[in-house]
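The values are calculated or read from the model by the stated rules, or taken from the named source; none is laboratory data. Remember, it's a predicted structure, so these values are computed and weren't measured experimentally. FYI the Cβ positions are ideal-geometry reconstructions off the backbone, even for glycines, and counts take in every protein chain you see. Side chains are part of the model used for accessible areas, which takes the heavy atoms of the whole protein and leaves out ligands, DNA and RNA. Shrake-Rupley method; radii C 1.70, N 1.55, O 1.52, S 1.80 Å.
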Amino acid sequence: MKTIKATINSVIFALLLGTLGLSYLAFQDYQITETMQNQISQSLSVRDLVKELNPAKKDPTAVKKLREFKNDLSDSERRHRVSNMIQAYNGHNRNLYDTRVKEFEKGEQDFFIVAQWTIKKFKNSAHFYAVLAMSFPLLGLFWLFYFFNYGLLNPLQGLSQRMMEFLTDQYTFRFSSPANNEIGNLERTFNALAQKVLNNIDELQSLDRAKSEFVSIASHELRTPLTSIKGSLGLLSSQIVGQIDEPAQEMVLIAEQETDRLVRLINDMLDLAKIESRSLTLEKNWVLLDSLLHKTAQGLHGFASTAQVEIRVENPLGEDCEVLMDSDRIQQVITNLISNAIKFSPPGSHVDLSVNQLLDGPLEISITDQGPGISEENQGLIFEKFRQATGPSNHLVKGTGLGLAISKALIEEHEGLIGVRSQQGLGSTFYFTLPQWRKISHQQQCQNEAA
Ligand SMILES: Nc1ncnc2c1ncn2[C@@H]1O[C@H](COP(=O)(O)OP(=O)(O)OP(=O)(O)O)[C@@H](O)[C@H]1O
Ligand SMILES: [Mg+2]
C-alpha cells in the first residue's frame with residue numbers, strides 16, 4: 001500500500017536529491033569556466049601586451065610585466081594547461097568532443113579560439129544545470145499543489161460533505177471504491193460506521209414499534225374496564241342504585257376524580273403511541289377560530305374558578321377568520337396550555353388567550369399567565385415527554401409531563417411552531433402558530449354556521 005505520507009516523503013526526497021545533484025554539476029561547470037577564463041585572460045593580456053609593446057618607446061613597465069609573465073609561466077605551458085582542461089572536460093563523456101579540439105590537439109587550431117569555445121560550452125552546460133536545479137523545486141511545488149488539491153483536499157471535502165448529510169439522517173450513501181491509502185481508510189471507516197448506525201436504527205425502530213404497539217394495546221385494554229368503573233361510580237354517586245351516607249359519597253367522589261385522571265393519562269399515552277408510530281391521522285377542516293377559542297375557554301371555566309383565576313379571550317381578528325385544522329386536536333393543545341397556565345397562576349390573577357397575525361403570515365395563538373415563570377434551562381426541556389420543570393406548589397399542580405410533548409407533536413403535524421417566552425418570576429407566554437388561515441366574508445360565515 002502506497003500511503004500518502006510515503007508518497008509525499010519520497011517525492012520530496014527525490015526532489016531534494018535532484019536539486020542538490022544538479023546544483024553540484026552547475027557549480028562544477030561554473031568553477032571550470034572561471035579557472036579557464038583566468039588562464040585565458042592572463043594569456044590574452046600577455047599577447048595584447050606584446051602587441052602593444054612599442055619597441056621604440058621600450059615601455060619599461062610593459063617589458064617588466066612581460067618578463068615577469070614569461071618567467072612565471074611560459075606560453076607553451078599555458079597552452080598545455082588549457083589543453084589539459086579541455087581534455088579533462090571531454091573526459092566527462094559529455095559528447096562534446098569537437099573537431100576543433102582535435103584540430104587544436106594537432107596544432108592546427110589557435111588554442112585561444114578553442115579555449116573560448118570550450119568555455120562557452122561549459123557556461124551553457126552550467127546554465128542548463130542551474131536552470132534545471134531551480135526548476136526542480138518549482139516542479140515539486142506544482143506537484144504538491146496538485147496533489148494537495150486533488151489527492152487530499154477534494155476527497156476530504158467529499159468526506160465532510162457525506163458526514164454533514166449523515167447528520168441530516170441520510171444514512172444510505174457508501175464510498176464505492178476506497179483507495180489504498182489514508183483517505184481510503186477513512187472512507188472505509190465511514191462506510192462501516194454508516195452501516196453500523198443503520199443497523200442500530202433498524203433495531204431501535206423495531207423495538208420502538210414493539211413498544212408503541214404494547215402501549216396502545218395495554219391502553220386500550222385498560223380503557224374498557226375503566227369505562228365500566230366510571231359508569232358504576234357515576235351510578236353510585238348519583239344514588240340511583242341506592243342511598244349512601246356522606247363519608248361513602250366522599251370516597252366515591254375521590255374514586256371518580258382519580259378514574260377521570262387515569263382516563264386522561266391513558267388517552268395521553270395512546271396519543272403519544274400514535275404520534276411515535278406515525279399512525280396519528282388528522283381530520284383537517286376550515287374552522288371558525290373565534291368560536292373555537294371561546295368554546296375551549298368555556299370548557300375550562302370550572303377549573304379556572306376553582307383556582308380563582310379569570311380566563312380572558314382577546315381576538316382582534318374578530319369572527320371572520322377561519323383556520324385549516326383538526327379542531328379536536330387544536331382544542332386539546334389549547335386546553336393543555338390553558339390548564340397549565342391555571343395550574344401555575346396565583347389566585348386572583350388572569351390567563352390571557354389571544355390571537356396575533358405575524359408579519360410573515362401565520363396566526364399566532366398565545367396563552368399568558370402571571371405565574372412563577374420558567375427558567376431558560378427548563379424552557380428547552382419541558383417539551384420533551386415526562387419532563388416537568390418544577391415540583392408541585394399547590395394541590396392543583398398535578399400531571400405527568402405529557403401535555404406539552406403531545407401539543408408539540410400536534411402543532412408540528414399542523415406545520416406550525418410551538419414555544420414559550422418566559423422570565424422567572426414574571427409569568428409565561430406559551431404560543432403556537434397555524435400557517436393555513438383565511439378571512440371570510442360575512443355571507444360565507446353565515447353559511448358555515450348554518451351547516
Ligand atoms: N404556565 C406554566 N408556568 C410554569 N411552568 C409550566 C407552565 N406550563 C408548563 N410548565 C412546566 O412544564 C411542565 C410540563 O408541562 P406538561 O403540560 O407537559 O405536563 P404536565 O402539565 O405536568 O402534565 P400533563 O399535561 O401531562 O397532565 C410542567 O410540569 C411545568 O413544570
Ligand atoms: Mg399539562
Is there a residue in segment 239-249 that is in contact with a helix residue (DSSP H, G or I) (Cβ under 6 Å, 6 or more places away or on another chain) and crowded, with 16+ Cβ neighbours inside 10 Å? no
Would you mention how many residues in segment 153-191 are open to solvent by less than 60 Å² (accessible area, probe 1.4 Å) and over 20 Å from the mean Cα position of the chain (by Cα)? 4
Taking Q388, is it within 8 Å of ligand 1 (Cβ to nearest atom) and polar (S, T, N, Q)? yes
Cβ-Cβ below 6 Å, separation at least six or inter-chain, first residue in segment 363-377 and without any contact (Cβ under 8 Å) to a residue 60 or more places away in the chain and farther than 10 Å from S345 by Cα, second outside any strand (DSSP E or B) and within 16 Å of ligand 2 (Cβ to nearest atom): which pairs? I374/A389
Could you figure out which of (1) under 13 Å from N340 (Cα atoms); (2) at pLDDT below 95; (3) open to solvent by 20 Å² or more (accessible area, probe 1.4 Å) isn't true of T368? (2)
What do you reckon, is A255 out of contact with any Phe, Trp or Tyr (no Cβ under 6 Å at 6 or more places or on another chain), open to solvent by less than 70 Å² (accessible area, probe 1.4 Å) and free of Cβ contacts under 8 Å to residues at least 12 places away in the same chain? no
I'd like to know if segment 319-327 contains one or more residues that are within 30 Å of Q205 (Cα to Cα) and open to solvent by less than 20 Å² (accessible area, probe 1.4 Å). yes
Segment 402-417 residues that are of a type in the set (D, E), paired with ones that are away from ligand 2 (no atom under 13 Å from the Cβ) and not in a helix (DSSP H, G or I) (beta carbon under 7 Å, 6 or more apart): E413/L280; E413/L282; E415/P435
For L226, state whether it is open to solvent by less than 80 Å² (accessible area, probe 1.4 Å), in contact with a helix residue (DSSP H, G or I) (Cβ under 8 Å, 6 or more places away or on another chain) and within 16 Å of ligand 2 (Cβ to nearest atom). no
Which condition breaks for L280 when tested against (1) under 37 Å from the mean Cα position of the chain (by Cα); (2) in a helix (DSSP H, G or I); (3) more than 16 Å from ligand 2 (Cβ to nearest atom); (4) aliphatic (A, V, I, L, M)? (2)
Out of the residues in segment 384-428 that are touching an Asp or Glu at 6+ places or on another chain (Cβ under 8 Å) and among the hydroxyl-bearing types (S, T, Y), which is modelled with the highest pLDDT? S428
So, I342, is that one more than 8 Å from ligand 1 (Cβ to nearest atom), buried (at least 19 other Cβ atoms within 10 Å of the Cβ) and under 24 Å from T306 (Cβ atoms) or not? yes
Name the residues in segment 237-268 that are under 54 Å from the mean Cα position of the chain (by Cα), farther than 19 Å from F303 by Cα and of a type in the set (A, V, I, L, M), would you? I266
Qualifying residue in segment 286-300 (condition: basic (K, R) and either surrounded by 17 or more Cβ atoms within 10 Å (Cβ to Cβ) or outside any helix (DSSP H, G or I) (or both)): no
